[in-house]
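A.B. asks: Handing you this structure, nothing more for now.
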Amino acid sequence: MSQFRIPLIGALSVLVSAAAAWAQLSTAQLSGRITDQSGAVLPGVTVTVTQTDTGLARTVVTNENGTYVLPNLPTGPYRLEAMLQGFRTYSQTGIVLQVAATPEINVALAIGSLEETVAVEAAAPLVDVLSAGISDVVDNERILELPLQGRQVTDLIVLAGAAVQAGNPSARTFPGGVTISVAGGLPIGVGYVLDGASHNSPQSNVNLPMPFPDALQEFRVATSGLTAQNGMHAAASVNAITKSGTNTFHGNAFEFLRDRRLNATSPFAAIGPDGTRQDDGLRRHQFGGTIGGPMARDRLFFFGGYQGTVLRFRPADQIAWVPTPAMLAGDFTMFASAACNGGTQVILRAPFVGNRVDPSQFSPAALNLAKRLPSTTDPCGQITYQTGDDSNEGQAIGRIDFQWSADHAVFGRYMNVFIKKTPPYQGEGDNVLKAIPLPGSVPGLDNMAHMLTLGDTMIFGPTVVNAIRVAYNDTTLRRYNTPYFDPADLGIKMYPYLRGQMPINVTGAFNFPAGATKATYLNASYNVVDDLTLVRGRHQFGIGGNVRYWRGHVQSSSRAAGTWIVDGSATGLGLADLLLGRVTSVEHGAQQDLPVHSWYLGLYAQDTWRATNRLTFNLGARWEPYFGTSVDNTAVYIFDLERFRRGVKSNVFVNAPAGLMYPGDAGFPPGQTGL
């Protein structure tokens, strides 16, 4: 059997456009052409751009074609100056560079002395004519001013156009992750970049938590025609940058409050002791602030912020159906009536007659389960109860920027996110149905995320710039519930690998979901990105690479006590099937223990060749070998049909079915990936 060890993925694109296309992931680029008023090119013009907030200055000299390029510029407001002996100095303010933007500013110098200055003071929007892709920027003003449910900035991605929400992430995803499809691409095909480094969850391929709105400067959503510098995710890229300090102190404080007294009462809520429907008990405080400024003027800057969220929620409109005294006596007449089934009469299937069942046929385990459920006086078995969904969340972020010299800048950014939630079910004596989480929620959480990025940008002369980013992202997601019951507690002869939980879904009654069981998801990723830009005549070259290592560990117990489904297929009613012990299906297995690791490598080369003043060729190639995911506890296997037909079994796991090969078996590829 031949083995395909390392498949290679390469991309080569040749684009023809009216101007150059260049990708600056977390920075921007400014370029243009300097001429005199007759249109003749002017080589040797000194072009200086100064970031007005921090005093950062970069200088280049136009080449023999009169063009200049300033790559890897930090975002923000700039002033541009162009000077040449025999011509008036040109000065333009109001230039605002946005993340991943590549605007072009052409200048025509007028004859005169250097002491004379032609000043242009206008904040006209810059037109980006260099990028081949389609993109849009959501700036800080829109981030802060547009209404956001829960202040999740990722909700604003859909404002970029061609982006739609594509469902909800799984329970394995760290809260804050979103599944968004851009331009018809896969929801997991969006690459997220924060401050120049990868910001995707390696397990779910969605984004890691993003900074809260007051700490995020802006982000750009780009798709279609992405350069070779963008890799790993083909649908789109979201490039975001955090705020930085400036030469002036800035800060803010905020608080957002939602209270039960401002909400309408649910028409399905339970009736309280005072005879009125109970409210949802909502009290949600979201508070925090930011501050930034200089530590050493024009050299060292800081920025920091914190957002806390305290939620207390007591919805009283949760509805389930439990066995009534009549049902426990074998009489399903009322429960099967049209009044209890949306106007449709249900007839229990044969051999049952008259919607009655001999109670002696009831399952002892089912009766044991029924005793643990709350009682009801409703003839249809409906019970309306109050549960809880309390949580405490916090996000802290800090950033330091240091202008080491005119040709060397470094920064560091750290972000910490925690989410803690206590299960509403308090244990024996409490309503066991409170162990069922609210839709889209989980019972208990103890989550923590650490995200660190370091950056270094060095300028080697006016035509060479190198930018390196090093990132470490670590997330811990611990999901748990208060123990309620398991098969052994009910008298079922099934070994529960984990006590105190039993996912069971009874159609038309209640559902203890598998997503509410105990689980731990640990993920740590290390990322190094390097980009080198060289300008040589009419060519602008870019070469670089992206290396990422991921280590993950999943411990899940969704099937440890069985996943039970009772769908009413035997009698026509889920609760009748339950009491009779007619289980539709059970999936049972040991707790999942899956430690894994993987490597990613992406290398690229680009050339922007300005053949003429009206024709530019953009060429790029990217190489991404696929290394696969290594399973570190030999829990990976390969199925071989020929070995199955011949009845050949594994020598490593002798009780495994025929046809399965594991690491250590003859014919299994080297390593732990199965590739």
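A.B. asks: Which residue pairs have Cβ atoms under 9 Å apart, sit 6 or more places apart or on different chains, and have a first residue in the range 635-658 that is not assigned by TED's automatic domain parsing to the domain that holds Ala590 and a second that is in a helix (DSSP H, G or I)?
C.D. replies: Listed by first residue and then by second, the contacts come to Val648/Glu642; Lys649/Arg643; Pro657/Phe644; Ala658/Arg643; Ala658/Phe644; Ala658/Arg645; Ala658/Arg646.
A.B. asks: If you take the residues in the range 351-374 that are surrounded by 13 or more Cβ atoms within 10 Å (Cβ to Cβ) and free of Cβ contacts under 8 Å to residues at least 60 places away in the same chain, which one is nearest to Lys434 (Cα to Cα)?
C.D. replies: Pro374
A.B. asks: Being assigned to a loop (DSSP other than H, G, I, E, B) and either out of contact with any Phe, Trp or Tyr (no Cβ under 8 Å at 6 or more places or on another chain) or not assigned by TED's automatic domain parsing to the domain that holds Trp404 (or both) is the filter here, so list the residues in the range 433-471 that pass it. Show your work before the answer.
C.D. replies: We begin by selecting, within the range 433-471, every residue assigned to a loop (DSSP other than H, G, I, E, B); these are 436-443, 460-463.
Within the range 433-471, Pro437, Leu438, Pro439, Gly440, Ser441, Val442, Phe460, Gly461, Pro462, Thr463 qualify.
A.B. asks: Could you say whether any residue in the range 63-72 is at pLDDT 90 or above and over 20 Å from Gly537 (Cα atoms)?
C.D. replies: no
A.B. asks: Return the residues of the range 563-607 that are under 30 Å from Pro379 (Cβ atoms), in contact with a strand residue (DSSP E or B) (Cβ under 9 Å, 6 or more places away or on another chain) and surrounded by 17 or more Cβ atoms within 10 Å (Cβ to Cβ); say none if nothing qualifies.
C.D. replies: Trp564, Ile565, Val566, Gly568, Gly574, Leu575, Asp577, Leu578, Arg582, Val583
A.B. asks: Here's another thing I want to ask about it. Given Leu594, Leu603, which one is over 30 Å from Met327 (Cα atoms), touching a Phe, Trp or Tyr at 6+ places or on another chain (Cβ under 6 Å) and either among the aliphatic types (A, V, I, L, M) or assigned by TED's automatic domain parsing to the domain that holds Leu367 (or both)? Full working, then the answer.
C.D. replies: On the way: Leu594 fails: touching a Phe, Trp or Tyr at 6+ places or on another chain (Cβ under 6 Å).
Answer to the selection: Leu603.
A.B. asks: Going residue by residue through the range 324-345, is there one that turns out to be in a loop (DSSP other than H, G, I, E, B), touching a residue at least 12 places away in the same chain (Cβ under 8 Å) and of a type in the set (Phe, Trp, Tyr)?
C.D. replies: Checked against the condition, which is being in a loop (DSSP other than H, G, I, E, B), touching a residue at least 12 places away in the same chain (Cβ under 8 Å) and of a type in the set (Phe, Trp, Tyr), the range 324-345 yields at least one hit.
A.B. asks: Name the pairs whose Cβ atoms lie under 7 Å apart, with the first residue in the range 248-271 and more than 20 Å from Gln149 (Cα to Cα), the second of a type in the set (A, V, I, L, M, F, W, C) and surrounded by 11 or more Cβ atoms within 10 Å (Cβ to Cβ), and 6 or more positions between them or separate chains?
C.D. replies: Partner pairs satisfying both residue conditions: Gly251/Ile291; Phe268/Ile319; Ala269/Ala316; Ala270/Ala316.
A.B. asks: Restricting attention to the range 180-192, report how many residues are crowded, with 21+ Cβ neighbours inside 10 Å and either in contact with a helix residue (DSSP H, G or I) (Cβ under 8 Å, 6 or more places away or on another chain) or on the phi > 0 side of the Ramachandran plot (or both).
C.D. replies: Residues of the range 180-192 crowded, with 21+ Cβ neighbours inside 10 Å: 180, 182, 190-192.
Remaining after also requiring either in contact with a helix residue (DSSP H, G or I) (Cβ under 8 Å, 6 or more places away or on another chain) or on the phi > 0 side of the Ramachandran plot (or both): 180, 182.
Residues that pass the stated criteria total 2.
A.B. asks: Here's another thing I want to ask about it. Can you tell me which residue is farthest from the chain's Cα centre (by Cα) among those in the range 420-440 that are polar (S, T, N, Q) and surrounded by 15 or more Cβ atoms within 10 Å (Cβ to Cβ)?
C.D. replies: Applying the first criterion (polar (S, T, N, Q)) to the range 420-440 yields 422, 426, 431.
Then drop every residue that is not surrounded by 15 or more Cβ atoms within 10 Å (Cβ to Cβ), which leaves 422, 431.
Working: Thr422: 24, Asn431: 35 Å.
Among them, the one singled out is Asn431.
Table: residues versus (1) of a type in the set (Ser, Thr, Tyr); (2) at pLDDT 95 or above; (3) touching a Leu at 6+ places or on another chain (Cβ under 9 Å).
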site	(1), (2), (3)
Gly305	no, yes, no
Gly308	no, yes, no
Arg314	no, no, yes
Val322	no, yes, yes
Phe332	no, yes, yes
Gly343	no, no, no
Val346	no, no, yes
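A.B. asks: Between residues in the range 226-238 that are within 12 Å of Gly545 (Cα to Cα) and residues that are among the hydroxyl-bearing types (Ser, Thr, Tyr) and buried (at least 24 other Cβ atoms within 10 Å of the Cβ), which pairs lie under 7 Å by C-beta distance while being six or more apart or on different chains?
C.D. replies: From residues that are within 12 Å of Gly545 (Cα to Cα), the pairs are Asn230/Ser237.
A.B. asks: So which of Pro202, Pro169, Pro147 ends up being part of a loop (DSSP other than H, G, I, E, B), under 28 Å from Leu445 (Cα atoms), in contact with a strand residue (DSSP E or B) (Cβ under 6 Å, 6 or more places away or on another chain) and outside the structural domain of Gln51 (by TED's automatic domain parsing)? Don't jump to the end; show me each part of the working.
C.D. replies: Details: Pro169 fails: in contact with a strand residue (DSSP E or B) (Cβ under 6 Å, 6 or more places away or on another chain); Pro147 fails: in contact with a strand residue (DSSP E or B) (Cβ under 6 Å, 6 or more places away or on another chain).
Only one candidate qualifies: Pro202.
A.B. asks: Oh, and also: List the residue pairs whose Cβ atoms are under 8 Å apart, where the first residue sits in the range 419-437 and is closer than 9 Å to Thr387 by Cβ, the second is surrounded by fewer than 19 Cβ atoms within 10 Å (Cβ to Cβ) and aromatic (Phe, Trp, Tyr), and the two are 6 or more positions apart or on different chains.
C.D. replies: Asn431/Tyr385; Leu433/Tyr385; Lys434/Tyr385
A.B. asks: Is it fair to say Ser38 is part of a loop (DSSP other than H, G, I, E, B) and without any contact (Cβ under 8 Å) to a residue 40 or more places away in the chain?
C.D. replies: yes
A.B. asks: Among the residues of the range 547-589, which ones are of a type outside the set (A, V, I, L, M, F, W, C) and more than 33 Å from the chain's Cα centre (by Cα)?
C.D. replies: Across the range 547-589, the qualifying residues are Asp567, Gly568, Ser569, Thr571, Gly572, Gly574, Asp577, Gly581, Arg582, Thr584, Ser585.
A.B. asks: For Val417, indicate whether it is more than 30 Å from Val60 (Cβ to Cβ), surrounded by 20 or more Cβ atoms within 10 Å (Cβ to Cβ) and not assigned by TED's automatic domain parsing to the domain that holds Leu56. Reasoning before the result, please.
C.D. replies: On the way: more than 30 Å from Val60 (Cβ to Cβ): yes; surrounded by 20 or more Cβ atoms within 10 Å (Cβ to Cβ): yes; not assigned by TED's automatic domain parsing to the domain that holds Leu56: yes.
Here the answer is yes, as Val417 does meet what is asked.
A.B. asks: Tally up the residues in the range 393-432 that are more than 30 Å from Phe485 (Cα to Cα), assigned to a strand (DSSP E or B) and not hydrophobic (A, V, I, L, M, F, W, C), please. Step through it out loud before you land on a result.
C.D. replies: Step one: filter the range 393-432 for residues more than 30 Å from Phe485 (Cα to Cα), giving 394-417.
Now drop any that are not assigned to a strand (DSSP E or B), which leaves 394-405, 408-417.
Still in the running and not hydrophobic (A, V, I, L, M, F, W, C): 394-395, 398-399, 401, 403, 405, 408, 412-414, 416.
Residues that pass the stated criteria total 12.
To keep it simple, each residue is scored yes or no on (1) under 30 Å from Gly185 (Cα atoms); (2) of a type in the set (Gly, Ala, Ser); (3) modelled with pLDDT of 95 or more.
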{"residue": "Phe219", "(1), (2), (3)": "yes, no, no"}
{"residue": "Ala228", "(1), (2), (3)": "yes, yes, no"}
{"residue": "Arg258", "(1), (2), (3)": "no, no, no"}
{"residue": "Gly289", "(1), (2), (3)": "no, yes, yes"}
{"residue": "Pro294", "(1), (2), (3)": "no, no, yes"}
{"residue": "Phe301", "(1), (2), (3)": "no, no, yes"}
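A.B. asks: Among (1) without any contact (Cβ under 8 Å) to a residue 40 or more places away in the chain; (2) under 38 Å from the mean Cα position of the chain (by Cα); (3) in the same structural domain as Leu522 (by TED's automatic domain parsing), there is one condition Ala621 misses while meeting the rest; what is its number?
C.D. replies: Result: Ala621 fails condition (1) only.
A.B. asks: Check every one of the strands (runs of 3 or more DSSP E) wholly within the range 209-269 and list those with 3 or more residues that are in contact with an Asp or Glu (Cβ under 9 Å, 6 or more places away or on another chain) and within 27 Å of Phe303 (Cα to Cα). Spell out how you get there, then give the answer.
C.D. replies: Working: elements: 216-223, 236-242, 250-259.
The qualifying strands (runs of 3 or more DSSP E) are 216-223, 236-242.
A.B. asks: Something else about it: With the condition kept exactly as written, say whether any residue in the range 487-497 is surrounded by fewer than 16 Cβ atoms within 10 Å (Cβ to Cβ), assigned to a helix (DSSP H, G or I) and either assigned by TED's automatic domain parsing to the domain that holds Gly568 or at pLDDT below 95 (or both).
C.D. replies: Yes; the residues of the range 487-497 include at least one that is surrounded by fewer than 16 Cβ atoms within 10 Å (Cβ to Cβ), assigned to a helix (DSSP H, G or I) and either assigned by TED's automatic domain parsing to the domain that holds Gly568 or at pLDDT below 95 (or both).
The values are calculated or read from the model by the stated rules, or taken from the named source; none is laboratory data. Predicted model only: the values in this text are computed from it and were never measured. All Cβ positions, even for glycine, are placed from backbone atoms using ideal geometry, and neighbour counts span all protein chains on display.
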